[in-house]
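Some notes on the structure that comes next.
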Amino acid sequence: MQLVRQNEEKAAGRQKSHPGVRTRAVVAVLLIAALGSACAGEPGDRGGGGRSGDGGGGGGGPVETASERPGGRAGPDAVRKADAAKKADALKKADALKKADAKKAAAAVAKAQARRAVAAKKWKLAKTPLAAPPPPAVKPRVTTRKGFEVTGGATLPPVFTRVPTKEKVVFLTIDDGAEKDPELLRMMTELKIPYSAFLSDYVIRDDYAYFKKMQARGVSLHNHTLTHPYLPGLSYEKQKREICGQQEKIEKRYGKRPELFRPPYGNYNAATLRAAKSCGVKAVPLWSSEAFPDHMEWREWDRDLHPGDIVLTHFRGKQEWKGSMPDMIRHVMKKITDKGYAVAKLEDYV
């Protein structure tokens, strides 16, 4: 202690003898204090005065994550969860729309069936015809029936009596065009029963307008030759004139070249199919059964209907039948409905 006091006294004596030294010492102390204060506030200081969130030690605030900072990116888990939530929401909305559409469709079918029931009573049908299911999104692939092949037939239009489908539907087709019963047009329109017409020019030329009305009601008009001959007995060129000539007649009168062709009597050979293909024909539907006003005739051994069967009938009246065309419709529809089948539109499947 004595040594310290002696040193202090010596320093005091020097300061008294040299006033400028004292002044410089004070300035130095102040400068050091100022620099220390400034350094304490710099970023990165690990001391107790660090700023919140600057990564400092004691006294610092909570550390922000990247997802909490403005403009920061969320982590991969958060992104996956957000995407999964969006997909789940989209699926939920799609399912709700699908259910709503199904409900509307069912209501529309019920309403149509109610109208059809009224029409069935008017036209004296035994039962209301069943509603056909919606047409397939993709048409089934049709091939030639076994036993109906011809030489070189792999490249020719297929010949078939039944459309491949598991739906309980059959297809109604009417041939030639000799009888032009206005009651048939009204009846089929009111009952909403689809059918397809295979026409021969020699019996429709006296009243093309009748089949124009039929077409306007949604009926497709197809080829049944110009004069209804036995085709296998003709040369290739004559067959081609019969088929291509009717293609041109239908296109001229009704605006569309048919893609379906039915040979008269269901008879054909390889030349028939080659000629049909050259005229733009894509398929040759025959039939599984034939309808009359008082009976059915069957091609199949079990004498029954099957999914996809094609039913044939003709434009005939009381001069040739035991009844009218409406009588024929009543009879065939009773058979079809009793068996639990609906009539579908052939062109929706072929």
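Please treat every number below as a calculation from the coordinates, not as lab data. A quick note: this is a predicted structure, and the numbers were derived from the prediction, not measured. FYI the Cβ positions are ideal-geometry reconstructions off the backbone, even for glycines, and counts take in every protein chain you see.
Results, tabulated for the structure shown:
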{"item": "Distance between modelled label sites at residue 104 and residue 216, nm, 7 Å Cα→Cβ extension", "result": "3.0"}
{"item": "Of 277/334; 103/339; 139/277; 166/192; 93/335; 192/256, pairs whose Cα-Cα distance is over 32 Å", "result": "277/334; 93/335"}
{"item": "Space enclosed by the convex hull of the alpha-carbon atoms of region 76-138, per residue, Å³", "result": "84"}
{"item": "Whole-angstrom Cα spans of region 216-331 along principal axes, big to small", "result": "40, 35, 30"}
{"item": "Segment residue 83-residue 299, extension gain: residue separation times 0.36 nm, minus the distance between their alpha carbons", "result": "71.8 nm"}
{"item": "Charge tally in the Cβ shell below 13 Å around residue 157, where Lys, Arg are +1 and Asp, Glu are -1, residue 157 excluded", "result": "+3"}
{"item": "Per-peptide average of other Cβ atoms within 10 Å, ordering 173-182, 132-141, 250-259 highest first", "result": "173-182, 250-259, 132-141"}
{"item": "Calculated P(r) tail over 22 Å for region 127-260, as whole % of Cα pairs", "result": "49"}
{"item": "Which listed pairs, of 121/146; 124/213; 122/318; 212/345, have C-alpha distances above 30 Å, in listed order", "result": "121/146"}
{"item": "Surrounding net charge for residue 287, when Lys and Arg each add one and Asp and Glu each subtract one, Cβ distance under 13 Å", "result": "-1"}
{"item": "FRET efficiency, residue 150 to residue 257 (Cβ-Cβ, R0 30 Å, nearest 0.05)", "result": "0.80"}
